[in-house]
Amino acid sequence: MSHRVRTIRVLLALALLLLTGCWKENMSSQPKAKPMQESDFFADGTTARPLVEGTVARGDLELDSHLYRGFVDGKPALAFPEHYPTEMDGPFPTRGPALRAVLTDGQEQFTIYCSMCHGDAGDGHGIIAERDFFPPPNYQLDRLRQAPIGHIFDVITNGYGAMYGYGDRISPADRWAIVAYIRTLQMSQGIPAQQLDVPQKQRLEDAQ
């Protein structure tokens with residue numbers, strides 16, 4: 001008799017467990033609205049609601065057009081953003097206390113993202129171009145040497161021609177560092193001898 005009672009108790013316990021599992025609330029099947037689902041509740045017929053006017057994602061305000069887009073008053077910037085550690089001598093950056101660190105970062109970012117197409121020297125003979133892809137222009141072309149630095153920043157950000165944009169891959173600070181490094185590449189291969197300082201002129205004479 002005791003064995004039969006124990007069996008009944010075990011069966012009842014199992015039944016209770018099964019019933020509990022059936023009654024357990026399933027959040028995946030509760031009433032809800034899925035993204036882009038139709039809705040009779042809203043006048044526009046969709047569950048997706050527009051953002052409140054003026055809403056900005058945290059960290060994405062980017063009001064400084066010069067810093068984030070390379071434009072000033074709707075035109076490509078002629079100078080680096082305010083407080084950037086370099087000044088301009090014509091279209092090229094000049095020495096500054098923190099310029100070497102910026103150029104080191106710019107060279108690193110250029111090597112990672114740009115050199116495979118543009119080449120280490122910016123001559124357009126990167127490894128991609130050597131594999132029969134259409135080569136990018138040489139940075140030493142007059143039109144690129146004289147192009148506003150804001151134009152170069154905009155091309156890095158949004159792309160140009162066959163080149164896609166890197167705005168979602170490279171931070172604004174690193175994009176400006178790449179711009180400074182590109183200008184340095186241009187300057188290093190085309191600077192007039194009279195603009196060199198004495199040690200540089202001496203190294204040039206020694207090399208000849």
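The values are calculated or read from the model by the stated rules, or taken from the named source; none is laboratory data. None of the values given here were measured: they were computed from a predicted structure. Ideal geometry is used to build each Cβ from the backbone, glycine not excepted, and the neighbour counts take in all protein chains shown. Protein only, heavy atoms only, side chains kept; ligands, DNA and RNA dropped before computing areas. Shrake-Rupley method; radii C 1.70, N 1.55, O 1.52, S 1.80 Å.
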Take Asp174 and tell me if it is acidic (Asp, Glu) and either touching a Gly at 6+ places or on another chain (Cβ under 8 Å) or modelled with pLDDT of 95 or more (or both).
yes
Give the residue, chosen from Ile127, Ile156, that is of a type in the set (Val, Ile, Thr), over 20 Å from Pro81 (Cβ atoms) and in contact with a helix residue (DSSP H, G or I) (Cβ under 6 Å, 6 or more places away or on another chain).
Ile127
Any idea which of (1) in contact with a Pro (Cβ under 9 Å, 6 or more places away or on another chain); (2) over 25 Å from Phe71 (Cα atoms) is the one Val198 doesn't satisfy?
(1)
Going by the structure shown, is Ala33 at pLDDT below 85, open to solvent by 60 Å² or more (accessible area, probe 1.4 Å) and farther than 26 Å from Gln195 by Cα?
yes
So which pairs qualify, if the first residue must be in region 93-119 and within 22 Å of Ala77 (Cβ to Cβ), the second must be at pLDDT 95 or above and open to solvent by less than 20 Å² (accessible area, probe 1.4 Å), the Cβ gap must be under 6 Å, and the two must be at least 6 apart or on different chains?
Gly106/Ile178; Gln109/Ile178; Phe110/Ile178
Can you find a residue that is within 28 Å of Gly70 (Cα to Cα), in a helix (DSSP H, G or I) and open to solvent by less than 30 Å² (accessible area, probe 1.4 Å) anywhere in region 158-168?
no
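Taking the conditions exactly as written (surrounded by 19 or more Cβ atoms within 10 Å (Cβ to Cβ), closer than 28 Å to Arg69 by Cβ and in contact with a Ser or Thr (Cβ under 8 Å, 6 or more places away or on another chain)), does Arg175 satisfy them or not?
Against the criterion (surrounded by 19 or more Cβ atoms within 10 Å (Cβ to Cβ), closer than 28 Å to Arg69 by Cβ and in contact with a Ser or Thr (Cβ under 8 Å, 6 or more places away or on another chain)), Arg175 qualifies.
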